[in-house]
Each structure stands twice: as structure tokens, then as C-alpha cells.
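What follows is a single structure, written as C-alpha cells, with notes after it.
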Amino acid sequence: MTLSPVTQTLAELVRINSVNSSYEGGPGEREVASWIRRFFEQRGIEVWEQEVFPGRPNVIARLPGRDPSRRVILEAHMDTVSVKGMSIPPFEPRIEEGKMYGRGSSDTKAGLAAMMHAVAALRESGQQPPCEVWLAAVVDEEFSFRGVVKLCEGLTAQAALVAEPTGLRAVIACKGVLRWRIVVRGKAAHSGKPHLGVNAITHMARIVLALEEEQRRLARHVHRLLGPATLNVGVIQGGVQVNFVPDTCAIEIDRRLLPGETVAGVLAHYQGMLDALRAEHPTLDAFMEPPMLTDEALETPAESAAAKLASTVLCEMGLDSDVCGVPFSCDASKLSRQGVPSLVFGPGSIDQAHAAVEFVDLAEVERAVEFYRSFIERFA
């Protein structure tokens, strides 16, 4: 089988294990970063590394533009989630019925490969784009977003396209995410005399029920592109053994934020909820730990130059040109907070991201190359 250049590149990227090193057994992005750097060096495209962690750099390639004062960013992450639970070989890129299988094929090495080939094709054509173009392949999106945070230091740009699996839809809105722990402290005692203790699990049950009611409240307020904010208690830990009154219990909460919500405001709301429960139950001793992860939502105006051009290009390609929203968070919100109007766009489906069987439709990857190149050729 003769593979197209972008399919060959995608296969090479999938073949490299770049599981985020914060996950068990993950080597990090060093090997894939070196491969991407060589890709651009071999094509005479300026490229450099930006260290984020020791041995884990961002890779940035640059095409000069006719107006050096204006810049377009193409951004994609190099890391993947763990391969635990996968039912196919994660690093053996297999092609079947027009799809490529393997970890990262959808999230988000397909978008990365398409961006790389859009930049390479523009360089090969000899045509200089209206604005300077940066392709930033970044680390750590799948854990704590430190790669894009480093990229944003002092960054200025007039538009950014962030690769995530959106099914070739132009995304202008993403939910944010806030994760934190609530801990209840009780008093240990023998289970034969529970009145001598304070049961931390029982008190935590009151908090969980209050959070369940909070989820029902959130469901009544719907964003036009993103739907409602959501709340999920994903982890609970408590107790030592069955014949002890448990003296501690902790939960971990995932709260998805809508545009307009702030981390400080949301945390203050839940602190008020705890204070109200404490007033009702004086032996309840509960506190919130500092957040484990914070990322406020993205909402780029539909009338922005970047969004309008994306819709025009998609319409000309015969694809769905309506802008939309997605429930997940990604690097785009950090670029937006830096003052860069940002869209999310890429081949593949989020339903296959992180899945036991991850794959991407190769026809979508080819169309993504066309979209990225047309966008940077025309953004002025």
C-alpha cells in the first residue's frame, strides 16, 4: 500500500511512545519532539526547542510572513494518555478500512501531522503567507497544560488554531475544568460505641447529597453552544477498617465551567455550601484543599476574524461551516487568555480519544491539511 506523506508522518508519530511522563510508565515527549524537529530541519524550516521540563521541550517551527508584525499559531500537543486498558497494540499503527489505529492517532497526532504538512507544503510552494506562522508542538496537555503555559510567556499573535479531534468542525467554545478535594475530619472510636466518635463518612454523605442537588441546579442553566455546567464526584476515600468509626473521608470533584464562570467564584460558592452544612451539623469539620487543576472556559466571538475565515474555508471545502462548542477543555483557553483569538479544529472524534480502540479516519486527516494550509494562506 502506498501511503500519502501525511499518513506516513502520522504512522511515525503513532509509533513513538509519548505517553505523558506523569502517568505510570510514560517516557514523555522527548523522542517525538526530536522526530518533529528533524522533520522541519530536513525541509529547511526554522525550528527550535523551548524547554518546559528537563528533557521535555516544546518544539516551535516558524515560517516568515509578509507582515512580520502579525502571527498565526498552529498548536498541537505531543503527549498522549496512558495505554492502560487498550485492547489493540498502542504503538503499531494499523490501517484498516481507511482508518489508522493506535494511541494518539486521534488525540492528537492526526491534527499535529496535518499541521506539519500544511506548513511544509506552504514552504515548498515558495509562497510567503500574509502573517508569520508558528507551529508549536507542545508537551503536557494531557496532565497539567504546562507546555502551552510556557508557550504563552510573552506571546503575541492574531489567531491560533489548536488541534483536537473535532470532526473537522470549527470550535469557538470549550468548557473549563476545576478539580479539587473536600476532606472531612471526624473522630475515631470503636464501632461498638459509635457515639464516642464522629463518623467522617456519614458527614461526607451529607456533602455528596448536597453536591447532587447542586448538579440539578446546574442543569437548569444552559449555554447555547456548551449546554450546562456539570459536577461529578469521581473519587471517595475513607475509613480504615469496618469496626472503626472513620476519622477521615475525602472526595475528589470534577466541575466543568461555562464561559463567564471564574475559578475563584465557583470555589467561593462551594465554600458557602460547606459553611451552611456546618451550621446545620456542628460536628461536621470539612475543608476544601487547593485545586488540583484549574482551567477557565473558552469562548471566541463568532464574529472574530479567525472564526469568520474558518467558516468561509469550511464552506468552500463543502464541510459544515457552522461554529460550535465542545464539552472538553484543551490548550486553546490558555492562548485565549493570553489575548490570542483561538479556535479548536482537527480530524477525528473525541469519542475515540483515550479509548480502548483509538483510531482516526485518514480522509479527515487529508482534509485537515487542506484546511490548515488555506487558513494560514488567507489570514491577513
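The values are calculated or read from the model by the stated rules, or taken from the named source; none is laboratory data. The structure displayed is predicted, hence computed values, not measured ones. Neighbour counts run over all protein chains shown; Cβ positions are idealised from the backbone, glycine included. Heads up: the accessible areas ignore ligands, DNA and RNA and are worked out on the full protein's heavy atoms, side chains in. Shrake-Rupley method; radii C 1.70, N 1.55, O 1.52, S 1.80 Å.
Brief remarks on what is shown
- Here the Gaussian network model covers the chain, with springs between Cα atoms less than 10 Å apart; of GLU49, GLU280, GLU29, GLU280 fluctuates the most.
- With Cα atoms defining each centre, segment 118-166 and segment 39-60 are spaced 12 Å apart in the structure.
- Filter on LYS150/LYS334; LYS109/LYS308; LYS109/LYS150 - keep pairs with C-alpha separation over 22 Å: LYS109/LYS308
- On a per residue basis, segment 258-346 carries 44 Å² of accessible surface, using protein heavy atoms and a 1.4 Å probe.
- Cβ-Cβ FRET estimate between HIS281 and GLU24, R0 fixed at 25 Å, reported to 0.05: 0.05
- ARG185 - accessible surface, heavy atoms, 1.4 Å probe, Å² rounded to 10: 120
- Taking every protein chain into account, the 1.4 Å probe leaves VAL263 with about 30 Å² of accessible area, to the nearest ten.
- Most mobile listed residue (GLU92, GLU24, GLU358) in the chain, GNM with C-alpha springs under 10 Å: GLU24
- Accessible area per residue (1.4 Å probe, heavy atoms of protein chains only) ranks LYS334, LYS84, LYS99, LYS193 as LYS84, LYS193, LYS99, LYS334, with the largest value leading.
- Rounded, prolate or oblate (a/c below 1.5 giving rounded, otherwise prolate when a/b exceeds b/c) for segment 45-147 by Cα gyration tensor: oblate
- A Gaussian network model of the chain, with springs between Cα atoms under 10 Å, assigns the largest mean-square fluctuation among LEU258, LEU319, LEU335 to LEU319.
- Cα shape, segment 98-163, gyration tensor, a/c 1.5 rule: oblate
- Extension reserve of the VAL235-SER349 stretch, reckoned as 0.36 nm per residue once the Cα distance is removed: 38.3 nm
- Subtracting the Cα-Cα distance of GLU252 and THR2 from 0.36 nm times their residue separation leaves 85.1 nm of extension gain.
- Within the accessible area of segment 40-127 (1.4 Å probe), percent carbon and sulfur: 46
- Once all protein chains are placed together, THR300 keeps about 10 Å² accessible to a 1.4 angstrom probe.
- Hits among aspartates and glutamates - C-alpha to C-alpha of LYS187 under 19 Å, sequence gap 8 or more where chains match: ASP247, GLU280, ASP285
- Shape class of segment 5-70 from the Cα gyration tensor (axes a ≥ b ≥ c, square roots of the eigenvalues): oblate, since a/c reaches 1.5 or more and a/b does not exceed b/c.
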